[in-house]
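Step one of this worksheet: look at the structure below.
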Amino acid sequence: MASYRIAVLPGDGIGPEVMAATLQVLHGLAGNALTFTEHEFGAAHYRRTGQALP
């Protein structure tokens, strides 16, 4: 089975909650075929670093 690496950008607001639920579903469907790497993203990240994307 192929494996895939996916960048996760949860963002602000409800983003982290929605992303957590989404990752649970994806793990259930694909098992170990998917590897997730979480990166900071959103307004809080921008205010702290001055960069929009990681």
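Here are the numbers for the structure shown:
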| read-out | value |
| --- | --- |
| All positions within the stretch 4-18 that are free of Cβ contacts under 8 Å to residues at least 12 places away in the same chain and of a type in the set (A, V, I, L, M) | Ile14, Val18 |
| Tabulated pairs, the stretch 31-54, first among the aliphatic types (A, V, I, L, M), second surrounded by 14 or more Cβ atoms within 10 Å (Cβ to Cβ), C-beta under 6 angstrom, 6+ apart or interchain | Leu34/Leu26; Ala52/Tyr46 |
| Total residues in the stretch 13-45, condition of a type in the set (Asp, Glu) and surrounded by 13 or more Cβ atoms within 10 Å (Cβ to Cβ) | 2 |
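Here, each number is a calculation from the coordinates, and none is a lab measurement. It should be emphasised that the depicted structure is a prediction, and the values quoted were computed from it without experimental measurement. As a convention, Cβ positions derive from the backbone with ideal geometry for all residues, glycine included, and neighbour counts pool all protein chains shown.
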